[in-house]
Amino acid sequence: MLKSSLLASIALFIGIALNAQTKITGTVLDENTSEPISAAIVMVQGTNDGTPVTNEGTFNLSTNANSGVVVIKCIGYQTQNISFKSNGSSINLGEILMSEDANTMMDLVIVGQGIVDLAQDRQTPIAVSTITSKEIQDKAANWDLPEVLKSTPSVQNIKGGGFGDGSMFLRGFDQTNTAFLINGQPINGMEDGKMYWSNWSGVLDIANAVQVQRGLGSSKLAISSVGGTVNIVTKTVDMKEGGFVNTMVANNNYYKASAYYSTGLMKSGWAVAAMLGHWQGDGYVDYTSGQGQTYFLSVGYKPSEKHIFNFLVTGAPQWHAAAGSGSLQSFLDNGIQYNNWNYDIDGKKYPGGRNFYHKPISNLTWDWNISEKSNLSTVVYGSIGRGGFASVLTSGGVPTYARGSYNNHNWYGAVTNFNHKINENLQFNVGADFRYYNGVHFRGATEFFSVESVNSTNTNLGTFTVDNTYGGYNPWQAVFNPNNSHEQRIGYDYEEVINYQGVFGQLEYAKNGFSTFFQGAFSSQSHLKTDHWNYSESKDAEKVTNPGYNVKAGAAYAIDENSTIFANAGYYSRQPFHDNLFRNIRVSNDLFNPQVSNQDIIGLEAGYQLRLANFSANINVYNTAWDNRTLLGDNGQSDPTLVVYYQTQGVKQIHQGVEFDMMYQVTSDLQLKGFLSAGDWRYSGNATIRAFNDAGDDITNTLPGATLDLDGVKVGGAAQTTAGLGASYNLGQGFKVDGQFNYYNSLYANVGTASSTIALPQYQTFDCGISYKVFVGNSKKNSIQFRGNVNNFFDTKYLESSSTNIPVVDGANVWKGVNTANTVRFGYGRTWNVSLRYNF
C-alpha cells in the first residue's frame, strides 16, 4: 500500500512538473519613439501559444515549454526572435525595441488601400524595395526622389543641372517607361510619359513610404510600365495627434523650412492634417537658383467601421533656372559647376533658361468595407498644370525678351477596385480606370528686357502684337492668371484631348505555402489634336483610337517558414504615346502614315526570398523584351529651312540581369544593407529611319542610310552594373551614424539609337550622415532631432551622362578615355545639409 502511494505521488509530481506553465512577460516599444506597439503579436515558436500586445505595449504569455524562442511580429517592423529558458515559473524579457522594416510597407495608410497597389496586397512575391518614412526623413534632405532611391537595386539617379531636373532609370528604362503613382493616382505625363521632378519638389515631405516594384510589379492597372512601378504613399489620415517643425540649411545658400500638424482621428470621426513649406537656394551649378513652396491638406472622415472618406490637395509651385549643356573640355577648363548659359542684363548675370510651374492635384477617396469578405476602394482625382520653360532671346548679342514654351493641362480621372474573398484560399479583384486629359501648348512672352513688345504672325489671325507676360515666372500667377488669349501667342498654338478607359481583374489562390495569381487588363485610348495656328480657323486632326491590353501570371512556393521561390511572366500590348502619332506635332496636324502601332513587351522574372531572425536577402533574375518602339528626334537646327525631324521605327531592346539585396542586423545597434545589380541591356536587330521637313513632308528618300543596324549595341543612360553597401550604427544616448558606398560601371552615352555607343568611366561615391535625437519633457512623443548629411564625401569627379557619341580619334583631347568634345554632364561634387526637427 505504501509502495503504491509512493509511486502515485511520484507520478503526480512528474506530471505537474511536465505540465508546469512558464509565464513570459515584457513590453514592446518602437525603438525610435519609445511608444508602445499595440498591434504586435507575441508567439512561442513551434507552438500555438500566443497573445496580442495591450495598448500599453505589455504582454503576458503562458506556455508549457520551459525553453524555446519568443517571436514578436508587427506589420512595418522587423520580426524579433528572443530565446528563453525557464529557471522558474516566470520570465520577464523587459523592454523589447522594434525597428522599422525597410522591406515592408508601413501600415499607415488607412484610405485607398485597394487602389494603391502595394506588394503586400498579393501573396505571390515580386522584385520590390520599400523606403520607409524614417529613411526618407534622414536621406531626402534637399534632394528629389531619384536620389533617395539610388541605393535600390537597378536604380540609377541622374541629378541634372538645376533644381528638380534630375531623372531616374529603372533596369535601364528611363522615366517615360516607369509608372509613377501617388496614392494610386498616375502622374506620368499622358502625352509622352515624362516626369518632371520640379513639379513634385515637396512630395517627400508628405510621404509615408515609397515602394519600388521592379519589372512586372503588382499593379493591376493597365499602366505604361516597362521598367517597373514607383508607388508614393503620402500622409492621409493619421491615427494620432501630432506634428513637426523642420528647418534645413545646405550648400550653395540653400534654405528650407516646413511645418506639419495632424489632429489625429478624433472621436467625431474627423481628422485633419496640413503642411506648409518653403525652400530656396542658389543651386549647385552656377546661375541655377530657384525657390518654391509646398502645401498639403488632408481631411478625413470615418463615420463607421465600414466607411472611410478622405479629401487631399497638394501642390509644389516653383521656379528654377536651368543649366546649359557644354563640352567635357569646357567643364575641365571652368570646373564642374560651370554653366555657359547666362547673360549680362543690367549689370548682373541672368540665367539663359528658367522653368516655372504649378501643378496642384486633389483627390477624393472612399473605402467601403462591405463585409468581412468584400471591400470597395474608389478615388476620383484631378489636376491642373500651368507654366512652362522660358529661354532668353537675343538680337545682335543683346537680350530682347524671354520666350516661354507653355505646357498647360487639365487632367481628371477615377480608379475603382472591388475585392472579394471567395473563401480562405481564393479571392479576386475587378476594377476600372478612367482618365481625361486636355493639353494646351503654345509660346508666349514671359519677360521683356530691351523691348516692350514683339510681333507674331499666324495663318488664322495674321500679324498681331504680343505685350503681356501674364505674371512672368511666378508659378502662382500661372494658375490664377493663365495666358488664355490666342492673340498673345508666338510660334505655335495647339492642344490635344486624350481619353483613356481601362478595366482590370485579378484572381489569386493561396494554400499550404503555394500561391498563384492571374491578372488581365484591357484599355482604349483616343487622341484628338486641334491646331489653332497653321490654318485659317482652328482645325481638328483625324481622331485616333488605339486598344491595348496586358496579361500577367505568377506562382510562388514557400519552401519553409523562411524561404520562398517565385516566378512571374507578363505580356503588354502598349499604345503609342500621343507625341508618336503626328509628324511634327507643333506645325502639322498630319498623322504618320502608316500609323504607329502598339509596342510589344514581354517580361519574365524569377526570384528567391530568405527571411531569418536577423538576416534577409532577395535574389531576382529578369528578362524584358521591348519590341516595336518608335523614337523621335531632330538634327538640332533652329532654322526651319534646315531642320529635319527623324522617326525611328521597329526598335527592339532586350534587358536582362540579376539583382541581389540583403539586410543583416549584426547586433541590436549595427545594421548592414547591401545590393548588387548586373545587367546586360542591348538593342536587337535593325530599325528603320524616316525623315520629315518642317512642313511635315516625308523626305526620307533624299537622305542616305534609312536602315539602322542596332544589333548588339549597348543601351545607354544608366550604369548596367551597380553595387552598394551601407551601414548604420547606434552609438547610444540618441546618436546614430550611417554611411553608404555606391559603385557604378558599364555606363554608356545616352544618345538614343546609334550604331555604337561610347563607354563612360566607372565611378564610386560615398555618402555619410549623423543623427542625434533627444526627448523633451516627460512625453516620449516630443523630441528634437538633429541630422547632418555629406554626399560624395570624397569629392569624386565623375561623368553621369553624355548626350553625344564622339569616339576617341588621333590628336583628340581625352579625359579618362572619353573624347573631350563630347557634350556631357558631371555629377555633383561634395555637398552637405544640416537639419533641425521638432516633433510634437
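The values are calculated or read from the model by the stated rules, or taken from the named source; none is laboratory data. This one's a predicted model, so the numbers in the text were calculated from it and none came from an experiment. Heads up, the Cβs are rebuilt from the backbone with ideal geometry, glycines too, and the neighbour counts pull from every protein chain shown. Side chains are part of the model used for accessible areas, which takes the heavy atoms of the whole protein and leaves out ligands, DNA and RNA. Shrake-Rupley method; radii C 1.70, N 1.55, O 1.52, S 1.80 Å.
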Report task. Taking just the C-alpha trace of the range 506-578, give me its Rg and Dmax in Å. Result -> 22.1, 73
**Report entry** Backbone HN-Hα couplings from phi across the range 252-267 [Karplus 6.51/-1.76/1.60, Hz, Gly and Pro as x]
**Finding:** 6, 6, 7, 9, 8, 9, 8, 9, 9, 8, 10, 6, x, 6, 7, 4
**Report entry** Rounded FRET efficiency, nearest 0.05, which uses the C-beta distance separating LEU461 from ASP697 and R0 of 25 Å
**Finding:** 0.50
**Report entry** Rg ratio (alpha-carbon, reference 2.2 N^0.38 Å) - the range 680-798
**Finding:** 1.86
Report task. Find how much the distance from ASN81 to ARG830 grows on full extension, using 0.36 nm per residue of separation minus their present alpha carbon separation; answer in nm with one decimal. Result -> 265.6 nm
Report summary line: Taking the convex hull of the alpha-carbon atoms of the range 331-447 and averaging its shadow over every direction gives an area in square nanometres of 13.5 nm²
**Report entry** About the Cα centre, charge dipole magnitude for the range 724-840 (Lys/Arg +1, Asp/Glu -1 at Cβ), debye
**Finding:** 680 debye
Report summary line: Between the residues GLY603, ASN593, VAL621, the Cα farthest towards the positive end of the dipole of the range 575-652, that dipole coming from +1 and -1 charges on the beta-carbon of Lys, Arg, Asp and Glu, is from VAL621
Query raised in the report: Which aspartates and glutamates have a Cα lying under 18 Å from the Cα of LYS349, excluding residues fewer than 8 positions away in the same chain?
Result: ASP282, ASP286, GLU447
Requested in this report: Could you point to the residue in HIS409, GLY397, ASN375 farthest towards the positive end of the range 355-426's charge dipole, with +1 and -1 charges on the Cβ of Lys/Arg and Asp/Glu respectively?
Outcome: GLY397
**Report entry** Per-peptide average of other Cβ atoms within 10 Å, ordering 500-507, 459-466 highest first
**Finding:** 500-507, 459-466
Query - Cα gyration tensor shape for the range 459-589, rounded if a/c is under 1.5, else prolate or oblate - result: prolate
Report task. Sum -39500 (n - 2.57) across every DSSP H segment of at least 4 residues in the chain, then divide by the residue count to get the 222 nm mean residue ellipticity, nearest 500. Result -> -1500 deg cm²/dmol
Requested in this report: Given a cut-off of 20 Å, name the pairs among LYS256/LYS781; LYS543/LYS652; LYS139/LYS673; LYS73/LYS781 whose C-alpha atoms lie farther apart than that in the structure shown.
Outcome: LYS256/LYS781; LYS543/LYS652; LYS73/LYS781
Query - Charge-dipole axis of the range 406-502 as Lys and Arg at +1 and Asp and Glu at -1 on Cβ define it, positive-most pick from GLY439, VAL466, ASN483 - result: GLY439
Requested in this report: Give, in nm to one decimal, the length gained when the segment between PHE514 and ALA432 is fully stretched (0.36 nm per residue of separation minus the Cα-Cα distance).
Outcome: 26.7 nm
Query raised in the report: Quick one, what does Rg over Rh come out to for the range 432-485 if you take C-alpha atoms and the Kirkwood Rh?
Result: 1.11
Query - Three-way shape call for the range 555-658 based on the alpha-carbon gyration tensor, with the a/c threshold at 1.5 - result: prolate
Query raised in the report: Where Lys and Arg each count +1 and Asp and Glu each count -1, what net charge lies around ASP493 among other residues with Cβ under 9 Å from its Cβ?
Result: 0
Report summary line: The answer for the range 675-758, accessible area per residue at 1.4 Å probe in Å², is 44 Å²
Query - Karplus 3J(HN,Hα) series, Hz, for the range 515-523 with 6.51 cos²θ - 1.76 cosθ + 1.60 (x for Gly, Pro) - result: 9, 8, 8, 9, 10, x, 8, 10, 9
Report summary line: Expressed in angstrom and rounded, the centroid-to-centroid distance over alpha carbons for the range 737-786 and the range 517-561 is 35 Å
Report summary line: Treating only Lys and Arg (+1) and Asp and Glu (-1) as charged, each at its beta carbon, one finds that the chain has a dipole about its Cα centre, in Debye to the nearest 20, of 1720 debye
Report task. Using only Cα positions of the range 747-835, each an equal point scatterer, no hydration layer, compute I(q)/I(0) via Debye at q = 0.16 Å⁻¹ and quote the log10 values to two decimals. Result -> -0.74
Query raised in the report: To the nearest 20 debye, what charge dipole does the range 525-604 have about its Cα centre, counting +1 at the Cβ of each Lys and Arg and -1 at the Cβ of each Asp and Glu?
Result: 200 debye
Report summary line: So the carbon and sulfur contribution to the accessible area of the chain, 1.4 Å probe, in percent, is 54 percent
Report task. Evaluate E = 1/(1 + (r/R0)^6) for LEU332 and ASP639, where r is the Cβ-Cβ distance and R0 equals 22 Å; express this FRET efficiency to the nearest 0.05. Result -> 0.10
Query raised in the report: How big, on average over all directions, is the shadow cast by the Cα convex hull of the range 221-348, in nm²?
Result: 13.2 nm²
Requested in this report: Order these peptides, 679-688, 587-596, by their mean beta-carbon neighbour count within 10 angstrom, highest first.
Outcome: 679-688, 587-596
Report summary line: To the nearest 10 degrees, the tilt of helix 2-18 (Cα long axis) against the first principal axis of the alpha carbons of the chain is 10 degrees
Requested in this report: Only Cα pairs under 8 Å and at least 6 apart count here; give the relative contact order of the chain as a rounded whole percent.
Outcome: 8 percent
**Report entry** HN-Hα J in Hz across the range 373-384 - Karplus 6.51, -1.76, 1.60, θ = phi - 60°, x for Gly and Pro
**Finding:** 9, 10, 8, 10, 10, 9, 10, 10, 9, x, 8, 10
Query - Under 13 Å from the Cα of LYS23 - aspartates and glutamates, other chains or at least 8 residues apart - result: ASP49
Query raised in the report: Which peptide among 619-629, 800-810, 207-217 comes first, and what is the full order, when sorted by highest mean count of other Cβ atoms within 10 Å?
Result: 207-217, 619-629, 800-810
Query raised in the report: Mind listing P(r) for the chain? All alpha-carbon pairs, 20 Å bins, whole percents.
Result: 13, 46, 31, 7, 2, 0, 0
